[in-house]
1. Using the structure shown, decide if Arg129 is open to solvent by 80 Å² or more (accessible area, probe 1.4 Å) and either over 16 Å from the mean Cα position of the chain (by Cα) or free of Cβ contacts under 8 Å to residues at least 40 places away in the same chain (or both).
2. When the stretch 100-116 is examined, which residues are found to be in contact with a Gly (Cβ under 8 Å, 6 or more places away or on another chain), closer than 22 Å to Val50 by Cβ and either β-branched (Val, Ile, Thr) or surrounded by fewer than 18 Cβ atoms within 10 Å (Cβ to Cβ) (or both)?
3. Give Ala122, Ala154 a once-over and let me know the one that is at pLDDT below 85 and either buried (at least 18 other Cβ atoms within 10 Å of the Cβ) or assigned by the TED database to the domain that holds Ile46 (or both).
4. Sort through Thr132, Thr138, Thr178 and tell me the only one that's polar (S, T, N, Q) and more than 26 Å from Leu75 (Cα to Cα).
5. Restricting attention to the stretch 63-84, report how many residues are more than 13 Å from Val23 (Cα to Cα), surrounded by 12 or more Cβ atoms within 10 Å (Cβ to Cβ) and over 19 Å from the mean Cα position of the chain (by Cα).
Amino acid sequence: MVKVIASSVRKGNVLDVDGKLYVVLTAQNFHPGKGTPVTQVDMRRIVDGVKVSERWRTTEQVERAFVEDVNHQFLYEDGEGFHFMNPGNYDQVVVDVETMGDDKAYLQEGMTCVLSMHEGIALAIQMPRHVTLEITETEPVVKGQTASSSYKPAMLSNGVRTMVPPHINAGTRVVIATEDNSYVERAKD
């Protein structure tokens, strides 16, 4: 086990709290004007899937479990779960729907993701930071809107809604940040 300060905890990390392993779902650092800065962490217990929230001072020490982060390539999805292959030794790993979470919308065949492995079991998945998707539908531009500050709703080819600048139209390929579904830029391909 490795001790780290609470403010360095990120989504996908595996923590050992009171002898039980938890995977971090969200981690936020709060710095109030007065008082002590804290880190709010939502976690899921790996054994039974129970979700818990913890709050630590940002300087508090928490134990990070030894987890091996290994690149895996996404193959396909079926009733069993999401199938990934380790390109180094061709071992296949099945990730269940619960572990995959909302990130499943961004999976594309052949995509390389980082699986956090503990004793041969995938505990968490880290998606690539950015993915390229196509806009399937968007609202027309309202005349008079300034291009700098206004965004309009759009639907991506994977069914996720996002906000895009007014000059983006249906059929345009865009780069999206997987962490918060936000528009990054127009795709360069």
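The values are calculated or read from the model by the stated rules, or taken from the named source; none is laboratory data. If you're wondering where the values come from, they're calculated on a predicted model, not measured in any experiment. FYI the Cβ positions are ideal-geometry reconstructions off the backbone, even for glycines, and counts take in every protein chain you see. To get the accessible areas, we keep the full protein, side chains included, count just its heavy atoms, and leave off ligands, DNA and RNA. Shrake-Rupley method; radii C 1.70, N 1.55, O 1.52, S 1.80 Å.
1. Details: open to solvent by 80 Å² or more (accessible area, probe 1.4 Å): yes; either over 16 Å from the mean Cα position of the chain (by Cα) or free of Cβ contacts under 8 Å to residues at least 40 places away in the same chain (or both): no.
Against the criterion (open to solvent by 80 Å² or more (accessible area, probe 1.4 Å) and either over 16 Å from the mean Cα position of the chain (by Cα) or free of Cβ contacts under 8 Å to residues at least 40 places away in the same chain (or both)), Arg129 does not qualify.
2. Answer for the stretch 100-116, where residues must be in contact with a Gly (Cβ under 8 Å, 6 or more places away or on another chain), closer than 22 Å to Val50 by Cβ and either β-branched (Val, Ile, Thr) or surrounded by fewer than 18 Cβ atoms within 10 Å (Cβ to Cβ) (or both): there is none.
3. Values: Ala154 fails: at pLDDT below 85.
Exactly one residue qualifies, and that residue is Ala122.
4. Working: Thr132 fails: more than 26 Å from Leu75 (Cα to Cα); Thr178 fails: more than 26 Å from Leu75 (Cα to Cα).
Thr138 is the lone residue from the list that is polar (S, T, N, Q) and more than 26 Å from Leu75 (Cα to Cα).
5. Result for the stretch 63-84: 0.
So that you can scan it fast, the table gives a plain yes or no per residue for (1) within 23 Å of Asn181 (Cα to Cα); (2) among the small types (Gly, Ala, Ser):
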site	(1), (2)
Asn86	no, no
Asn89	no, no
Leu107	yes, no
Cys113	yes, no
Ser116	yes, yes
